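Down below is the structure, laid out as structure tokens.
Every number in this text was worked out from the coordinates using simple rules, so none of it is lab data. Because the structure is a prediction, the values reported are computed rather than measured. No Cβ is skipped: glycine too gets one built from the backbone with ideal geometry, and neighbour counts run over all protein chains shown.
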2 protein chains.
Amino acid sequence: MVESEKMTEKEYVSYNEVHKLCQEGAEILKNFKPDLMIAIGGGGFIPARILRTFLKEPGAKNIPIQAIGLSLYEQIGQGPLTATPEKEQAGMEVVRTQWLDFNNLEQHAGNLIGKKILIVDEVDDTRTTLHYALSELQKDVKAQAEKLGRKDEETSFYIFVLHNKDKPKHAELPEDMISEGRYIAARTVPDIWIAYPWEARDIDEQTRLAELKNQH
Amino acid sequence: MVESEKMTEKEYVSYNEVHKLCQEGAEILKNFKPDLMIAIGGGGFIPARILRTFLKEPGAKNIPIQAIGLSLYEQIGQGPLTATPEKEQAGMEVVRTQWLDFNNLEQHAGNLIGKKILIVDEVDDTRTTLHYALSELQKDVKAQAEKLGRKDEETSFYIFVLHNKDKPKHAELPEDMISEGRYIAARTVPDIWIAYPWEARDIDEQTRLAELKNQH
């Protein structure tokens, strides 16, 4: 198989598969009991909402979800979103389209200091977006903690993605996050194009192709 | 059927049905060409992300999604979310858990003045949440327009929901929004409990029950 063909290999994923990947992830995440989810939009919205269902314990409150919007620079405007929606390219710059609303967040869930915070996205491609989200959130927490004289409290971050692509990454995550199991990918896959159901123009065909894959 | 039984009537909806409801809605919404989507979280996250796929025109940019978080007061904390997740009760107060990030929004999509803005949620139950979202956004736009001396520009709001419940509402939407077709519900249903797939603990059973319903 030539390289160009290899790069267009697609794995079709159905909604029900996404749902089950979140269910599996929640089994692990339950042990950590996250206080707050931060969904990276648009891809993280759907897994975050599903995770909330599985992380909710009877009688306990729902885990609040805050959304943030991150785009790789060339994706804003024309971008490669039609061709390879989840593709992160080298040298791309992450820009914020939305960030946490600390004002409303603090009123209802308190600030981030000392919390267990779960960052959710659909795919870890080059790791650029996740690295950005984590390091910026860590900066925010550090600034808040210094301001409030609460530097001794430990804030823990966790990451959940549906798919991690086994490929060279353009950015790193902290070693202790990996070694402590705070980075959770429901599946690790080769560097293929993952076709998520929310991008499908024909959802019946998408589901058929996803089911076909499971028969092999 | 006694009232208590009637109230627990459930309609199971599959993910693929949700996807197709968004596809149908997008056919109408395309005519309006919205500039920006505002997803009311958590319920609006999933339809908004799916709508983005169907509203994207080839070669054109993705429609930006901003998320807002609204909860009815008694739902924060213990709330009735396990029993009837989409239920809005009389006298409940809407509170913001997250609002628009005007700072980052303006840098990448401009401000809201003169825009066509699509508000997305999963269900219109008592209309309380939608009324709140619309009227607060209108206030924000008005304040921005006054500040910038752009009071003459017309900002249009649109609403999309998957399901509108045919029942007495606790709040109104503007008459011209309804008469001009700027309120779009993919389905209008009786006052039943709509079981959305992202709330399902057993997604295979949920899908089976949803498909069973369509055979009747």
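Partner shielding of A:39-50 amounts to 6, given as the average count of beta-carbon atoms from other chains within 10 Å of each residue beta-carbon.
Its relative contact order, with pairs defined as Cα atoms under 8 Å and 6+ residues apart, puts region A:88-174 at 43 percent. The mean number of partner chain beta-carbon atoms within 10 angstrom of a residue's beta-carbon across peptide A:108-115 is 1.
Considering the dipole of region B:81-216 built from charges on the beta carbon (Lys and Arg +1, Asp and Glu -1) around the Cα centre, which of B:Ser179, B:Ala145, B:Thr128 is farthest to its positive end? So the residue furthest toward the plus end is B:Ala145. Considering only A:Gly110, A:Gly69, A:Gly42, the Gaussian network model of chain A with Cα springs below 10 Å gives its largest mean-square fluctuation to A:Gly110.
Other chains' Cβ within 10 Å of A:55-61 residues: what's the mean?
On the way: counts 0, 3, 1, 1, 2, 3, 6.
Mean partner-chain Cβ count within 10 Å for A:55-61: 2.
On full extension, the segment bounded by B:Glu9 and B:Asn214 gains 72.2 nm, given 0.36 nm per residue less the C-alpha separation. Remark: region A:191-197, residue by residue, has Karplus-estimated 3J(HN,Hα) of 7, 10, 8, 8, 9, 7, x Hz, where x stands for each Gly or Pro and the curve is 6.51 cos²θ - 1.76 cosθ + 1.60 at θ = phi - 60°. Take A:Asp202, move 7 Å from Cα toward the beta carbon, and the resulting point lies 3.3 nm from the same point in each other copy, nearest first. Taking the DSSP beta bridges with both ends in chain B, the antiparallel portion is around 15 percent.
B:Gly59 label point (Cα plus 7 Å toward Cβ) to equivalent points in the other copies: 6.1 nm, shortest first.
By DSSP, what percent of the beta bridges with both residues in the protein assembly as shown are antiparallel, rounded to the nearest 5?
Of those bridges, close to 15 percent are antiparallel.
Given the C-alpha centroids of region B:121-184 and region A:155-216, what is the distance between them in whole angstrom? If we compute the Cα centre of each part, the gap is 36 Å.
If I take R0 = 45 Å and measure r between the Cβ atoms of B:Phe102 and A:Trp193 in this structure, what FRET efficiency does the formula 1/(1 + (r/R0)^6) give, to the nearest 0.05? It would help to have the intermediate numbers written out before the result.
Numbers: r = 35 Å, r/R0 = 0.78.
With R0 = 45 Å, the Cβ-Cβ based efficiency is 0.80.
Counted residue by residue at 0.36 nm each, then reduced by the alpha carbon distance between them, the extension gain from A:Gln144 to A:Ile178 reaches 9.7 nm.
What's the magnitude of the charge dipole for chain B around its Cα centre, counting Lys and Arg as +1 and Asp and Glu as -1 at the beta-carbon? Answer in Debye, nearest 20.
On the way: 27 positive and 36 negative charges, 132 e Å.
With only Lys, Arg, Asp and Glu charged at Cβ, the dipole is about 640 debye.
For a quick protection proxy, order the peptides B:31-41, A:47-57 by their average other-Cβ count within 10 Å, most packed first. Walk me through the intermediate numbers first.
On the way: B:31-41: 20.1, A:47-57: 22.8.
Those peptides, ordered most packed to least, come out A:47-57, B:31-41.
Close amide H partners of A:Ile159, meaning residues 5 or more places away or on another chain with modelled amide H under 5 Å apart, are A:Ile119, A:Tyr183, A:Ile184. Computed per residue of the protein assembly as shown from DSSP H runs no shorter than four, each worth -39500 (n - 2.57), the mean residue ellipticity at 222 nm is -10500 deg cm²/dmol.
Given charges of +1 on the Cβ of Lys and Arg and -1 on the Cβ of Asp and Glu, with all other atoms neutral, how large is the dipole of region B:123-216 about its Cα centre, in debye to the nearest 20? Display every interim value, and only then the final one.
Working: 14 positive and 19 negative charges, 19 e Å.
Dipole size: approximately 100 debye.
Between copies, the label points of A:His170, set 7 Å from Cα on the Cα→Cβ line, lie 4.7 nm apart, reported in increasing order to one decimal in nanometres. Dividing the mean sequence gap of close Cα pairs (under 8 Å, 6+ apart) by how many residues chain A holds gives a relative contact order of 28 percent.
Placing R0 at 51 angstrom, the Cβ-Cβ distance between A:Ala60 and B:Ser156 gives a FRET efficiency of 0.80 after rounding to 0.05. With a cut-off of 19 Å on the backbone N, the residues of region B:174-196 near the modelled label site 7 Å out from B:Lys33 along Cα-Cβ are B:181-182. Which angle from 0 to 90°, rounded to the nearest 10, does the C-alpha axis of helix B:128-147 make with the longest principal axis of chain B? The answer is roughly 10 degrees.
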